[in-house]
1. Evaluate E = 1/(1 + (r/R0)^6) for residue 143 and residue 427, where r is the Cβ-Cβ distance and R0 equals 56 Å; express this FRET efficiency to the nearest 0.05.
2. Between residue 133 and residue 68, what length in nm is gained on full extension when 0.36 nm per residue of separation is reduced by their alpha carbon distance?
3. In region 1-112, what % of DSSP beta bridges are antiparallel (nearest 5)?
4. Extension gain residue 381-residue 281, at 0.36 nm per residue separation less the Cα-Cα distance, in nm?
5. For region 114-246, give me the percentage of DSSP beta bridges that are antiparallel, rounded to the nearest 5 percent.
6. Can you say what percent of the DSSP beta bridges in the chain, counting only those with both residues inside, are antiparallel? Round to 5.
7. Determine the distance separating the Cα centre of region 41-109 from the Cα centre of region 272-287; give it in Å without decimals.
8. Would you mind listing how long region 1-139 runs along its three principal axes, going by Cα atoms, in whole Å with the largest first?
Ligand code: UDX
């Protein structure tokens, strides 16, 4: 089939490469000429493990091309996937749909034959119906263009595997014909056993925001428990492990720490509450505001503990920040909890040196006033306190004994509960974490809890 993928960011670039990988002819489209030039030469303009190989293979096979022209896209595609971003509005919690609308306005008048437009971006319920009207108003007579929604559930860092082997495919369609076309697009995946759920567009739109709301709720739930643990001397890592063995609860997304960030979870729950308000059912999901607030509180709590570890003030203290991205295995710093903490301690007068394996350029663009140091030892040199804010595996491999040579203060706050606390403490470090006792009560507690994290991170990958 001939597919276009409009919008070639984290979502679109992966979708385009993977659709070519499963045998389709694909044209990727973006208004950013630089990005299109890079992708045309099979260069990935951001960090996403595994994408380089799939993109290189797809471009090399001649099945994947790129353009900046919607006119070319209109002529080429039987199916047009919309993968542009739907960020939060500047002045409200609602989703900003201007990029989606601009694609429809640019594409629809140029269509000359029957085709299917399929949205993949995360949008408020009711968007497909609204866009279908917009298409009808602008597409030439007789083209009979339909709109469907097929939300994407990919995680950054695992985007290729999530696209080629998704947990499920969800198609929000208004006709048998649209359903048939989407089943044909995904035929190789469905044959491999991926569940395919065919439903109406409003349900498909909701599946995505409901899934992200559930995940955000799970994370804020365990972070709320971590606060209770801090007040009682209990250990949130053992708590997560014990809760997680109940299959109705499950261990995944139950890692307490600095909380969720990124381009999806925070803005999706806010857009959902805004849309629910418009629909008159705001009170049904008002708990999501509390989920958002619990999440914000983890950032404040981290700054409070850091201040406490330094005797009550951050002013003029030298602080090393390990991690800038919103999670490991990405260079994405959108709504990054790590950067929010780094900015807050800088505002309180600390000297901040930031290290991140992949996200330094993006972080510098957002927070140019901080120091960015491409080497962990140099970032930690003379630090009064080290903050571990994003759980890159590189940081788990740090030898605390060796790091102590450049960091004689030997104080670390593990805001991701990802370091081996007993290892750091036995090397003479004062280690604090969120939701864990300053010293384990039982000698075995440490080992069990650290084992729990290892299991979870393996599952997350
Ligand atoms: C998320 C959804 O997982 C994905 O299905 C959707 O399509 C897009 O949004 P992503 O933004 O890539 O994907 O990140 P994800 O892996 O879900 O992590 C989100 C945030 O939650 C990260 O900041 C992460 O650090 C945090 N998190 C995750 C926790 O704090 N604790 C956990 O146990 C799990």
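Taken together, the values in this text are just the output of simple stated rules run on the coordinates, not laboratory data. Just so we're clear, the structure is a prediction, and the values are computed from it rather than from any experiment. Positions of Cβ are backbone-derived with ideal geometry, glycine not excepted, and every protein chain shown enters the neighbour counts.
1. Details: r = 69 Å, r/R0 = 1.22.
Taking R0 as 56 Å, the efficiency between residue 143 and residue 427 is 0.25.
2. Result for the pair: 20.9 nm of gain on full extension.
3. Numbers: 1 of 14 bridges.
If we restrict to bridges inside region 1-112, about 5 percent are antiparallel.
4. Working: separation 100, 0.36 × 100 = 36.00 nm, distance 5.30 nm.
Going from the current span to full extension adds 30.7 nm.
5. Details: 1 of 9 bridges.
Counting DSSP beta bridges with both partners in region 114-246, the antiparallel share is about 10 percent.
6. On the way: 2 of 45 bridges.
If we restrict to bridges inside the chain, about 5 percent are antiparallel.
7. If you average the Cα positions of each part, the centres end up 30 Å apart.
8. Ordered largest first, region 1-139 gives principal extents of 39, 37, 24 Å.
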